[in-house]
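Below is one structure, written out as structure tokens, with a few remarks after it.
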């Protein structure tokens, strides 16, 4: 959750008030768009939300920021030295990257790109999508390796195409896959189903106006999961 309380921005150079007594609450799954003319503080607001120190050179800020969870900020332009990097090169610098089995990282990243790579989806939904696969790997009801789960007959037809084996994963999907393989979890181990229809007891769901509902459901044999 992100909460902003009574935020006011005053421009340091010309003393203009860019934002006055602004308050906002965003809950998990919520989306917001900031619209405004150039030079009116949109980027400064995003910088302040991510880290108030980033906005300090531009504005004097009064207000409070409360957030619970993981936050990321993508700058308008990448540093020159990062623009030439491949996806692999970019993520190989991430903490814990070399402790991850790269074949599994690639498989999970490709899967997330196909199933949850749409830019309209949140990282939370991507993480849940990947978590279903990893829950299956750990489950007594499914195969024991990620590759076997991904290619299990009758389960994920989306991977049985030539495109899957050559797909270059989206950067945000690699990031989510890496977080999952390092142990991040958001659902119980018994959540082993994901579909656009209910396959068991509902644990959580996501909705997009164009893509519709996505349901995450529990196994019908929850006693196997302690």
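The values are calculated or read from the model by the stated rules, or taken from the named source; none is laboratory data. What you are looking at is a predicted structure, and each value in this text was computed from that prediction instead of being measured. All Cβ positions, even for glycine, are placed from backbone atoms using ideal geometry, and neighbour counts span all protein chains on display.
All conditions but one from (1) touching a residue at least 24 places away in the same chain (Cβ under 8 Å); (2) in a helix (DSSP H, G or I) apply to residue 4; the one that does not is (2). Taking only pairs six or more apart or across chains, which ones have beta-carbon atoms under 7 Å, a first residue in segment 8-33 that is assigned by TED's automatic domain parsing to the domain that holds residue 206 and at pLDDT 90 or above, and a second residue that is part of a strand (DSSP E or B) and surrounded by 13 or more Cβ atoms within 10 Å (Cβ to Cβ)? Hits for this filter: zero, empty list.
Can you name the number of the only condition in (1) more than 25 Å from residue 207 (Cα to Cα); (2) in contact with a helix residue (DSSP H, G or I) (Cβ under 7 Å, 6 or more places away or on another chain) that residue 57 fails? Tallying (1) more than 25 Å from residue 207 (Cα to Cα); (2) in contact with a helix residue (DSSP H, G or I) (Cβ under 7 Å, 6 or more places away or on another chain), residue 57 fails exactly one: (2).
Annotation: residue 36 fulfils all but one of (1) within 29 Å of the chain's Cα centre (by Cα); (2) in contact (Cβ under 8 Å) with a residue 24 or more places away in the chain; the unmet one is (2).
Just to verify a result, which residue in segment 67-115, among those that are touching a strand residue (DSSP E or B) at 6+ places or on another chain (Cβ under 9 Å) and under 25 Å from residue 50 (Cα atoms), is modelled with the lowest pLDDT?
Here is the first cut: in segment 67-115, the ones touching a strand residue (DSSP E or B) at 6+ places or on another chain (Cβ under 9 Å) are 67-69, 71, 115.
Filter once more, so that each one left must be under 25 Å from residue 50 (Cα atoms): 67-69, 71.
Working: 67: 83, 68: 77, 69: 69, 71: 72.
For segment 67-115, the residue satisfying everything is 69.
Test of understanding: among 164, 203, 216, which residue is over 19 Å from residue 103 (Cβ atoms), surrounded by 15 or more Cβ atoms within 10 Å (Cβ to Cβ) and in contact with a helix residue (DSSP H, G or I) (Cβ under 7 Å, 6 or more places away or on another chain)?
Result: 216 is the single residue among 164, 203, 216 that is over 19 Å from residue 103 (Cβ atoms), surrounded by 15 or more Cβ atoms within 10 Å (Cβ to Cβ) and in contact with a helix residue (DSSP H, G or I) (Cβ under 7 Å, 6 or more places away or on another chain).
Can you name the residue in segment 190-200 that is in a strand (DSSP E or B) and in contact with a helix residue (DSSP H, G or I) (Cβ under 9 Å, 6 or more places away or on another chain) and, of all such residues, is farthest from residue 138 (Cα to Cα)?
From segment 190-200, those in a strand (DSSP E or B) are 191-195; that's our starting set.
Add one more test, that the residue is in contact with a helix residue (DSSP H, G or I) (Cβ under 9 Å, 6 or more places away or on another chain), and what stays is 191-194.
Working: 191: 11, 192: 10, 193: 14, 194: 16 Å.
Going through the qualifying residues, I end up with 194.
Do the conditions hold for residue 169, that is, is it free of Cβ contacts under 8 Å to residues at least 12 places away in the same chain, surrounded by 13 or more Cβ atoms within 10 Å (Cβ to Cβ) and touching a helix residue (DSSP H, G or I) at 6+ places or on another chain (Cβ under 6 Å)? Taking the combined requirement at face value, the residue does not satisfy it.
Please determine whether any residue of segment 121-140 is over 11 Å from the mean Cα position of the chain (by Cα), surrounded by 14 or more Cβ atoms within 10 Å (Cβ to Cβ) and at pLDDT below 90.
We begin by selecting, within segment 121-140, every residue over 11 Å from the mean Cα position of the chain (by Cα); these are 131-140.
Filter again for surrounded by 14 or more Cβ atoms within 10 Å (Cβ to Cβ), leaving 131-137, 139.
If we keep only those that are at pLDDT below 90 as well, we get none.
No, segment 121-140 has no match at all.
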